[in-house]
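Only one structure is covered here, and it is reproduced in the block below.
The values are calculated or read from the model by the stated rules, or taken from the named source; none is laboratory data. The shown structure was predicted, so the numbers you read here are calculated from the model rather than taken from an experiment. In this analysis, Cβ positions are derived from the backbone assuming ideal geometry, glycine residues included, and neighbour counts consider all displayed protein chains. The accessibility values were calculated without ligands, DNA or RNA, using every heavy atom of the protein model including side chains. Shrake-Rupley method; radii C 1.70, N 1.55, O 1.52, S 1.80 Å.
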Amino acid sequence: MLLQTMAGSPFGGAEEFFVRLACGFQRAGGDQHCIVRPNAGRNSVLAENGVSFDELPFGGRFDLRTPWGLRQQIRKHKPRIVLTWMNRASRMTPSGDFTKVARLGGYYKLKNFRDCDHLIGNTKDICDYLVREGWPSDRTHYLPNFVDATPGIAIDRSEFNTPKDAPLVLGLGRLHQNKGFDTLIRAMVDVPDAYLWIAGAGDLKDDLLKLSGECGVADRVRLLGWRRDVANLFATCDVFCASSRHEPLGNMVIEAWANGKPVVAQASQGPVQLITQGESGLLSPLEDVPALARDLRTVLDDKTLSDTLSANGRAAFEADFTEDVVVARYKTFFDEVAR
């Protein structure tokens, strides 16, 4: 029996993948129960997919309810494996007569994971980092993410005041400095006639709107807010840009591949590990605005290249990042380490 504990933010890539993995386990007939923070959007998806869960606050230092509740849930469900997500859930979940595993999607400090038996990194580079930090290599495991490949339905571009025949660039992610949307907006100056949609929420919204005005591209930039219809956004765009200056995984690259869209990316950690330059995407040096603009223009102007990048990206997705492939790898791993 698998017990998962997740204390996450209202929005985020790790939180979204947790939901996909829990639902994937359920579809594969896994025996599981989840302990999660209250979140109407995520938890309604769990419920719709038949995933059993309870809610706990996962609060701050004075939260006594969550540690007590976790101990009660462990006694009730008697799991063989406990999979923890995020620093707080890992820290608050006790160890016991089961195998405790933490899944890491970033370069986190190991102090919150010292009582774990095994650590999962969702990129090989994260696994290398864990070993460099002193975690035993035989208890470090690479298990990638998967994404939903259900095709979307193109959105009517007029909904966001965008001409139907204009080239459309899509960006996804939190409006945070790490996501490099400032670099992408600056690059749009040299991508004539193209429009940019950025789907995400965060504190930098006003700053990005101001930058768009300063760069003279405000009439071609649309900030859509946080959206759950990502497949529909991919179905609408012509090219996806992973503009992050810091991105451990690049989950959005895999999503673009799954949806058959060409990818242009800055050469941050995750995209560099995923993309084969010129075959499954184009990589530009970090902070190189002219190079990023040049790559976007190249893909938008060269239909043959665009189709090649899309086809090779889709092939890479089908080989390593489908739900069936990744869920099977998780189940094999759990069978190997369970007590």
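Scanning the range 20-44 for residues that are within 21 Å of Val147 (Cβ to Cβ) and part of a helix (DSSP H, G or I) turns up Arg20, Leu21, Ala22, Cys23, Gly24, Phe25, Gln26, Arg27, Gly41, Arg42, Asn43, Ser44. Among the helices (runs of 4 or more DSSP H) confined to the range 240-339, the ones with at least 1 residues that are buried (at least 21 other Cβ atoms within 10 Å of the Cβ) and among the polar types (S, T, N, Q) are located at 251-258, 303-320.
Which residues, taken from the range 12-46, are touching a helix residue (DSSP H, G or I) at 6+ places or on another chain (Cβ under 6 Å), free of Cβ contacts under 8 Å to residues at least 40 places away in the same chain and not aliphatic (A, V, I, L, M)? Across the range 12-46, the qualifying residues are Gln32, Cys34, Arg42.
With respect to the conditions (1) in contact with a His (Cβ under 7 Å, 6 or more places away or on another chain); (2) touching a residue at least 60 places away in the same chain (Cβ under 8 Å), Arg139 lacks only one, and its number is (2). Every condition in (1) open to solvent by less than 10 Å² (accessible area, probe 1.4 Å); (2) β-branched (Val, Ile, Thr); (3) at pLDDT below 95 holds for Thr150 except the one numbered (1).
Which of the residues that make up the range 185-203 are outside any loop (DSSP other than H, G, I, E, B), over 18 Å from Asp301 (Cβ atoms) and more than 16 Å from the chain's Cα centre (by Cα)? Residues satisfying the conditions are Ile185, Arg186, Trp197. The criterion of at least 3 residues that are within 23 Å of Leu249 (Cα to Cα) and open to solvent by 10 Å² or more (accessible area, probe 1.4 Å) is met, among helices (runs of 4 or more DSSP H) falling completely within the range 45-145, by 86-92, 124-132. The requirement of being surrounded by fewer than 18 Cβ atoms within 10 Å (Cβ to Cβ), in contact (Cβ under 8 Å) with a residue 12 or more places away in the chain and of a type in the set (Val, Ile, Thr) is not satisfied by Ile185. Scanning the range 5-44 for residues that are modelled with pLDDT of 95 or more, open to solvent by less than 30 Å² (accessible area, probe 1.4 Å) and out of contact with any Lys or Arg (no Cβ under 9 Å at 6 or more places or on another chain) yields a count of 7. Every test in (1) over 22 Å from the mean Cα position of the chain (by Cα); (2) not in a strand (DSSP E or B) is passed by Phe17 save one, and that test is (1). Cβ-Cβ distances below 8 Å connect the following pairs, each with a first residue in the range 218-230 that is on the phi > 0 side of the Ramachandran plot, a second residue that is hydrophobic (A, V, I, L, M, F, W, C) and assigned to a loop (DSSP other than H, G, I, E, B), and a separation of six or more residues or different chains: Gly225/Ala201.
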